[in-house]
1. Regarding Val30, is this residue among the hydrophobic types (A, V, I, L, M, F, W, C) and modelled with pLDDT of 80 or more?
2. Please verify whether region 39-48 includes one or more residues that are hydrophobic (A, V, I, L, M, F, W, C), within 14 Å of the chain's Cα centre (by Cα) and at pLDDT 80 or above.
Amino acid sequence: MKRNILLGLAGVFTVLTIIAHHSKGCSKEVFLIFFVCAFGSAYFSLKKTI
């Protein structure tokens, strides 16, 4: 159950990262924060699986 939530968060953050990357009004810092969150949640969900 927890793994599914983490994978869902990773997906949401990935979408937010793509949107932030394509919108001109978004700064690099916000892009990096979303990227780190997406990577971190995906990493932890995969780590728990293995």
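The values are calculated or read from the model by the stated rules, or taken from the named source; none is laboratory data. This structure is a prediction, so every number in the text was calculated from the model and none was measured.
1. Working: among the hydrophobic types (A, V, I, L, M, F, W, C): yes; modelled with pLDDT of 80 or more: no.
So Val30 does not fit the description; no.
2. Step one: of region 39-48, the residues hydrophobic (A, V, I, L, M, F, W, C) are 39, 42, 44, 46.
Pick out the ones that are also within 14 Å of the chain's Cα centre (by Cα) and you get 39, 42, 44, 46.
So of that shortlist, the ones also at pLDDT 80 or above come out as 39.
The answer is yes, given that some residue of region 39-48 is hydrophobic (A, V, I, L, M, F, W, C), within 14 Å of the chain's Cα centre (by Cα) and at pLDDT 80 or above.
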